[in-house]
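First comes the structure, then the notes that go with it.
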Amino acid sequence: MKNLFLFASFLFLLGGCGSTRQRNVILVIVDTLRSDHLGCYGYERNTTPAMDSLAANGVRYLNVTAGEPWTLPSMATIFTGLLPLEHNARRRGDSYYGIDSEAVTLTEYLSSYGFNTAAFFNVIFMNADFGFHQGFHHFDCFSSLGSSSDRNAEQTVDSVLLWLDGNQSGDPLFLAVHFYDPHLTYSPPDSFAGIWSDPDYAGEFNSEWGQRETVVNVNLGIIGLSDEDLFNLVALYDGEVAYTDRQIGRLLAGLRARGLTDDALVVLVADHGEEFLDHNKFGHAHSLYEELLNVPLIICGSGFEAGATCEAGVSQADILPTVLAWTGNDVPQGLFGVDLLSPDFPARRSVPAGMSMEEEYVVTARRNDLKVHLFDRGSVAFMFDLSTDPGEHDFLENVDSTLLDDARFYLSTPPLFRPAAVLVENVFLDALQNLGYI
């Protein structure tokens, strides 16, 4: 038995994010989305009018740390309210581990409270083999074991709206929708591919580039990217972001047309970011720098002040307790995550993250503008001041001892669960290689 103790242009169509009707929860997750590539986070390109409109009607969180710089552990943190070393859904060595069947997910909580729960996911790491189906009445993960992640954002929204038209039960709705499009390879539809890219570019770093071997060779310095190459890849990435944003707007408009946003909580978050040679590498899942860990989080609903920003340190783990509290339910004890609307929400706290790197697990902890990286099993530390060095290029001479202790404490965190390894087949290995994870 599960341990319950652990247990823009489009958005005006929402007509506001709160009233007095039954409360629905809409969770939108965008894969591989850097916060600094959204207009509402200061990006110069008009990539995200729908997400910007959502931010104008809710709270934009500025300092949000992902659990890890890749999909599986960060998604598990979102759905469990636990940090990766606690829920233990991650990669260790050559094995992959999903959400343990004994871990209680946000979906299971809401299902037990009478919510009609539905998921539309698009990556292999979020399928039933990894435990993300737990608690969903309708579970649609297009990437099952051994298949590709090739359902685009438009097709995803089509699937959501079609399902909604046949499944209006009258119960409160928890709808979780995941968009995969900004992940490599960057291949937006033609109408979005050319918005910012150079029409005269004739190099190989185009919408077909991004397979595992070539990305590894870039990160090893075997293959070099010219300024023109990098410009084209970022332009294509921004095209993917803009295309996904358009479909998020269509999703929200469709929900509004069906009367599902009259009193809804809309949460938009990313699982991790992406590096564009910020630290001489490309892609993700290889470092703990802000371009990979700092993700957008926008929440719109009653109680969340329109157009407000929050500079406090936030974790993806805060989503679960925030949703439960907003829907009028108790927040379980024993979670790292906290309710973002609680008057007790700490303005200053250390938010940790980590990742497996070669033979060790490395961690970071951030408190406001100070951030520490911890290597060599906790014996080597590098400190940055993000207020003066947002790119994390210049080490501080002195390390904040309290923050260092927080990072070491997280490094020593024992797992709460021991999930079984996901059985790996050859087709699964092929899919992971195509995604760039092995």
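Computed from the coordinates by the stated procedures, all read-outs in this text should not be read as laboratory data. Since the structure is predicted, the reported quantities are computational estimates derived from the model, not experimental observations. Don't worry about glycine lacking a Cβ; one is built from the backbone with ideal geometry, like all the others, and counts go over all protein chains shown.
Remarks
- Here the Kirkwood formula puts the hydrodynamic radius of the stretch 40-108 at 14.3 Å, using every distinct Cα pair.
- The label point for R258 and the one for D405, both projected 7 Å from the Cα toward the Cβ, are 5.1 nm apart.
- Each of the peptides 328-334, 82-88 was scored by the mean count of other Cβ atoms within 10 Å over its residues; in descending order, highest first, they stand as 82-88, 328-334.
- At an R0 of 25 angstrom, the distance between the Cβ atoms of S226 and H279 translates into a FRET efficiency of 0.85.
- Most positive-pole-ward Cα, A118, L374, G391, against dipole of the chain from beta carbon charges: A118
- Simple label model, 7 Å out from Cα along Cβ direction - I195 to A421, nm: 4.3 nm
- Cα-based convex hull volume of the stretch 268-380 per residue, rounded to whole Å³: 135 Å³
- Remark: spin-label model distance R92-S302 equals 4.4 nm, labels positioned 7 Å along the Cα→Cβ axis.
- A straight chain from A128 to T185 at 0.36 nm per residue would run longer than the Cα-Cα distance by 18.1 nm.
- Simple Cβ-charge dipole of the chain, Lys/Arg +1 and Asp/Glu -1, about Cα centre, in debye nearest 20: 1500 debye
- Close amide H contacts of C141 (hydrogens built in the peptide plane, cut-off under 5 Å, sequence separation of 5 or more or a different chain): F121.
- Against the compact-protein benchmark of 2.2 N^0.38 Å, the Cα-based radius of gyration of the stretch 11-341 scales to 0.95.
- Gyration tensor verdict on the stretch 176-254 (Cα atoms; rounded if a/c is under 1.5, prolate if a/b is larger than b/c, oblate otherwise): oblate
- Global geometry of the stretch 122-197, whether rounded, prolate or oblate, following the gyration tensor of its Cα atoms and the 1.5 cut on a/c: oblate
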